[in-house]
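Asker: Here it is: the structure, laid out below.
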Amino acid sequence: MIKTQVQELEIFIAVVKHRSFSKAAQELMIAASAISRSIQKLEFKLQVTLFNRTTRKINLTWEGELLLGQATQIIEQLGKVENQLTKAQLQPAGVIKLDAASPFTLHAISPIICGFQQLFPKIKVILSSSEDNIDLIERNVDLAIRIGELSNSGLKARKLGNSYRKLYASPTYLQQHTAIRKVSDLASHSCLGFAKAEKLNSWPLLDNDGHWLKIQPQLLADSGETLKQLAVQHCGIVCISSFTVKQELESGKLVAILERETQQVAVPIYAVFYADNEVSLRIRCFLDYMLEHIDLGEQ
């Protein structure tokens, strides 16, 4: 495959413009000998003669005319791309693909998206939800939200804040069952648990041995959002991040229980991304906006 450098095409176009190696060298501010070497190199690569040279004239051959048309289009197109990229840096534009677990997308990202798009109308945001950690490059994702401590994955990260897991139940459920005044009372209640992330079935409550309480769920689901809805429907007690229940607490559909007994353990939340060099302006704008506006209900 022939590989022709852009600089060689620019030199070629300058020689055509001036019909002179020396004048092309003056315009490009390089030595005339460099102009001659570049043209010779280009002719060698293409295996054609581009100019008919005499002591007084430099004229294009048929092959030179053909190359001129293509080279001019290439240089013009590159100029347009450079202008677009420059404008995008001055006024953020483009697409941001963001991946997060469903509860975070629903309760933390969705409430701030409209405000972000009003401020940056040329940035298009695409939201996707994955309950598991994904490969950003494989899934073509710009940003992903990770809840919990990060592994050494080579990703860059920006901390958005912390979340806290607490216990919630519906008033109706609490009225229909025995009172919950201490941790041991949970043994006689329906505890809602996670089917996959079993570590989340260890609740931030201390058992008799001083360890976190490991529950034996009577009902399990894959996502915290589903478990929350089960709690709203009076199915039992759920332990989930506080930022996911703001509306339910305000409406009275859920209430917090055993608040004094619950261990206040901060679970960090990060935005992670690949960035070999500088983070693009559109990504920086979105990260800054999230940090300023996101509501994680931190205690």
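Asker: Is it true that some residue in the range 98-105 is surrounded by fewer than 18 Cβ atoms within 10 Å (Cβ to Cβ) and in the same structural domain as F286 (by TED's automatic domain parsing)? Steps first, please.
Answerer: The first filter runs over the range 98-105 and keeps only residues surrounded by fewer than 18 Cβ atoms within 10 Å (Cβ to Cβ), leaving 102.
Next, from what is left, pick out any that are in the same structural domain as F286 (by TED's automatic domain parsing): 102.
Yes: one or more hits.
Asker: Further question: Name the residues in the range 23-71 that are charged (D, E, K, R) and either surrounded by 12 or more Cβ atoms within 10 Å (Cβ to Cβ) or under 49 Å from the mean Cα position of the chain (by Cα) (or both), would you?
Answerer: K23, E27, R37, K41, E43, K45, R53, E63, E65 - these are the residues of the range 23-71 that are charged (D, E, K, R) and either surrounded by 12 or more Cβ atoms within 10 Å (Cβ to Cβ) or under 49 Å from the mean Cα position of the chain (by Cα) (or both).
Asker: Moving on to the next point. Output the qualifying pairs, or none if there are none: Cβ atoms under 6 angstrom, residues six or more apart or on different chains, first residue in the range 24-35 and closer than 17 Å to I58 by Cα, second residue among the polar types (S, T, N, Q).
Answerer: Listed pairs, sorted by first residue: A32/S22.
Asker: OK, next. Confirm whether I96 is within 30 Å of R146 (Cα to Cα), within 42 Å of the chain's Cα centre (by Cα) and modelled with pLDDT of 80 or more.
Answerer: Here the answer is yes, as I96 does meet what is asked.
Asker: Return the only residue of T262, T244 being among the hydroxyl-bearing types (S, T, Y), touching a His at 6+ places or on another chain (Cβ under 6 Å) and not assigned by TED's automatic domain parsing to the domain that holds E149.
Answerer: Answer to the check: T244.
Asker: Oh, and also: Residues that are free of Cβ contacts under 8 Å to residues at least 24 places away in the same chain, within 20 Å of I147 (Cα to Cα) and more than 27 Å from the chain's Cα centre (by Cα): list the strands (runs of 3 or more DSSP E) wholly contained in the range 172-281 that include at least 1 such residues.
Answerer: The strands (runs of 3 or more DSSP E) meeting that bar are 202-206.
The values are calculated or read from the model by the stated rules, or taken from the named source; none is laboratory data. The model shown is predicted, which means the values in this text are computed figures rather than measured ones. Methodologically, a virtual Cβ is constructed for each residue, glycine included, from the backbone with ideal geometry; neighbour enumeration extends over all protein chains shown.
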